[in-house]
1. How many residues does the range 30-44 hold that are in a loop (DSSP other than H, G, I, E, B) and in contact with a Leu (Cβ under 9 Å, 6 or more places away or on another chain)?
2. Find all pairs meeting these conditions: Cβ atoms under 7 angstrom apart; at least six residues apart or on different chains; first residue within the range 122-145 and polar (S, T, N, Q); second residue not in a helix (DSSP H, G or I).
3. Consider E48 carefully, then state whether it is surrounded by fewer than 22 Cβ atoms within 10 Å (Cβ to Cβ), at pLDDT 95 or above, under 25 Å from Q145 (Cβ atoms) and among the acidic types (D, E).
4. Considering only helices (runs of 4 or more DSSP H) fully contained in the range 45-118, which possess at least 1 residues that are touching a helix residue (DSSP H, G or I) at 6+ places or on another chain (Cβ under 8 Å) and over 29 Å from F197 (Cα atoms)?
5. Go through the residues of the range 185-205 one by one and say whether even a single one is among the small types (G, A, S) and modelled with pLDDT of 85 or more.
6. Tell me which residues, restricted to the range 34-47, are aliphatic (A, V, I, L, M) and more than 10 Å from the chain's Cα centre (by Cα).
7. Give me the residue from the range 99-117 that is under 13 Å from I5 (Cβ atoms) and in contact (Cβ under 8 Å) with a residue 60 or more places away in the chain and, out of that set, surrounded by the fewest Cβ atoms within 10 Å (Cβ to Cβ).
8. Name the residues in the range 212-226 that are aliphatic (A, V, I, L, M) and under 18 Å from the mean Cα position of the chain (by Cα), would you?
Amino acid sequence: MKAVILCGGTGTRIRDVADDIPKPMVRIGEWPVLWHIMKTYAHFGITEFILCLGYKGWTIKEYFLNYQALTADITVDLGHHGSVELHDSSPEAWRVTLAQTGEQTQTGARVRAVRRYLEDCDRFCLTYGDGVADINIAALLAFHQSHGRIATVTGVRPPGRFGVMNAVDEGSVPVIRRFEEKPQTSEGLINGGFFVFDHRLWQYLDDDPLLILEQEPLARLARDGQLVLYEHTGFWQPMDTFREWKLLNELWATGNAPWKQW
């Protein structure tokens, strides 16, 4: 199982914090929010990641290229050609593919751009690189496997500035029949990320670099009865604004971070 994380965001609404780095690299405590998301997946045994890079993607590449040096004590022997010894190296046995998917590319096109890294997968996880949750990934995957449809999206109930999803019960699962990205109403569940897709998703993604996953592809999946809702009633918080960044850092600093399951 692999997890794809969309990492192309610019963080324009938290410029006081992230004016020179991509949003997934904004820190909660001493760690980028991206690391927190990856730790959540790893807690449930998913340790192979594909990061869809965009805005200043080289900073994410540098972070992982230097990850061991950043997280371990180091001895540098200046007398022997600068040899380096790492002490207590990182416990993260992760395999991370850093895929440059373009600065202006939209979400659907980013996913399509990494298809070659997913050809061996019957299904895969996907989420955004700027939000955390105490979601049970194992339960999400079991739910997805149980209904046999192409896509599962996690629905959450945060403040009403997002789009809504409308589901109807079909047998034992709630199937989404209408997917609206940011309509006027604030009622209902919103897209919280933490998707699961199977390989049939590729039928819904064309080669348009401006293809937005949350618009036509998910709308078509909904019309075809192939988009199923997994409701998460626990903690979920995006990091879109300075206020949200401050909230997440306060929770982490006080040891009250609900998303820390590891």
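1. Of all residues in the range 30-44, those in a loop (DSSP other than H, G, I, E, B) come to 30, 44.
Checking the rest, the ones that are also in contact with a Leu (Cβ under 9 Å, 6 or more places away or on another chain) come to 44.
The qualifying residues number 1.
2. T127/I5; T127/G193; T127/F194; T127/F195
3. Details: surrounded by fewer than 22 Cβ atoms within 10 Å (Cβ to Cβ): yes; at pLDDT 95 or above: yes; under 25 Å from Q145 (Cβ atoms): yes; among the acidic types (D, E): yes.
Yes, satisfied.
4. Numbers: elements: 57-65, 67-71, 107-113.
Output list reads 67-71.
5. Applying the first criterion (among the small types (G, A, S)) to the range 185-205 yields 186, 188, 192-193.
Going one step further and asking which of them are modelled with pLDDT of 85 or more, we end up with 192-193.
Among the residues of the range 185-205, at least one is among the small types (G, A, S) and modelled with pLDDT of 85 or more, which makes the answer yes.
6. The answer is A42, I46.
7. Within the range 99-117, the first condition is being under 13 Å from I5 (Cβ atoms), and the residues that meet it are 99, 101, 107, 110-111, 114, 117.
Applying the additional criterion that residues be in contact (Cβ under 8 Å) with a residue 60 or more places away in the chain yields 101, 107, 110-111, 114, 117.
Working: T101: 23, T107: 22, R110: 25, V111: 27, V114: 19, Y117: 15.
Applying the filter and picking the extreme gives Y117.
8. From the range 212-226, those aliphatic (A, V, I, L, M) are 212-213, 218-219, 221-222; that's our starting set.
Passing the criteria: I212, L213, L218.
The values are calculated or read from the model by the stated rules, or taken from the named source; none is laboratory data. Predicted model only: the values in this text are computed from it and were never measured. Cβ: placed from backbone, ideal geometry, glycine included. Neighbour counts: every protein chain shown.
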